[in-house]
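Enquirer: Attaching a single structure in structure tokens format; questions to follow.
What follows draws every value from the coordinates through simple rules; no lab data is involved. Only a predicted model underlies this, so the values are computations on that prediction, with no experimental measurement involved. Positions of Cβ are backbone-derived with ideal geometry, glycine not excepted, and every protein chain shown enters the neighbour counts.
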């Protein structure tokens, strides 16, 4: 494919499409298997509803990046997706482009930010749910660890050398979530209400203690302290405009998806 074609595709495809291409680059899959594998691989850092996966798989087929072969098992359609040579080229081109800035969607944190408009009990419930979620995710991580150490994870011989970094990140992230939730719960349990009276000094003391540890400067990258203007809240998204290739990045949909298209759930 010509570079102009890759640039055109970049304006059409979203990150979910490329994730689908990656999953199919490992192995061809039925529509149902594809949705299950997308959930299995990406649900903790790129969650998408099954309906979106079905839609994007059809879009990739329409662009010639995958083939869709449909057969019937009784009255049910059975579609199998296979990546094409053009699909592999598109995946490789995407991997070579700069990534979009890191983003975090965390509804409980939004509720903590706005907790002053609720009650102490609501805040405690929000934080307790986060702790429970983190505990569950750490249990999942323990199971995954065991599977890999027993050397029985699918395709691990070919991919474990890079998948280890995803595991490393997620375990640290789940532990961070749990630690934060426990610290927050401990602080709020000591309050009788959410009034700021008698809590301001303790809050400022946390700002004083929690000093960001700045990583060692990488040669060739600007030091944050020397930037004009300096990094401030609300400026994060502007970073994408400063990155090479940012103009050809497509915009992904929200991760807030929970429904399946009625006709696709039956595709096995």
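Enquirer: Determine which single condition residue 194 fails, assuming it passes every other condition in (1) exposed (fewer than 14 other Cβ atoms within 10 Å of the Cβ); (2) in a loop (DSSP other than H, G, I, E, B).
Expert: For residue 194, the failing item is (1).
Enquirer: Restricting to segment 187-209, give me the number of residues that are within 17 Å of residue 122 (Cβ to Cβ) and within 33 Å of the chain's Cα centre (by Cα).
Expert: 4
Enquirer: Filter segment 21-45 down to the residues that are in contact (Cβ under 8 Å) with a residue 60 or more places away in the chain and within 16 Å of the chain's Cα centre (by Cα) and list them by number. Walk me through it before giving the result.
Expert: Initially, segment 21-45 is screened for residues in contact (Cβ under 8 Å) with a residue 60 or more places away in the chain, giving 21-22, 24-27, 30-32, 44-45.
Residues satisfying the conditions are 22, 44, 45.
Enquirer: Can we say residue 93 is out of contact with any strand residue (DSSP E or B) (no Cβ under 9 Å at 6 or more places or on another chain) and over 30 Å from residue 27 (Cα atoms)?
Expert: Here the answer is no, as residue 93 does not meet what is asked.
Enquirer: Considering only segment 29-46, state which residues are outside any helix (DSSP H, G or I) and surrounded by fewer than 16 Cβ atoms within 10 Å (Cβ to Cβ).
Expert: Across segment 29-46, the qualifying residues are 43, 44, 45, 46.
Enquirer: Taking the criterion of being surrounded by 15 or more Cβ atoms within 10 Å (Cβ to Cβ), touching a residue at least 60 places away in the same chain (Cβ under 8 Å) and within 23 Å of residue 20 (Cα to Cα), would at least one residue in segment 96-114 satisfy it?
Expert: Yes: one or more hits.
Enquirer: State which residue is nearest to residue 169 (Cα to Cα) when the search covers only segment 57-71 and only residues that are touching a residue at least 40 places away in the same chain (Cβ under 8 Å) and surrounded by fewer than 23 Cβ atoms within 10 Å (Cβ to Cβ).
Expert: This residue is 59.
Enquirer: Checking the structure you have, find out if any residue of segment 166-183 is loosely packed, with under 10 Cβ neighbours inside 10 Å and free of Cβ contacts under 8 Å to residues at least 60 places away in the same chain. Explain how you work it out, then say what you get.
Expert: First, pick out the residues of segment 166-183 that are loosely packed, with under 10 Cβ neighbours inside 10 Å: none.
No, segment 166-183 has no match at all.
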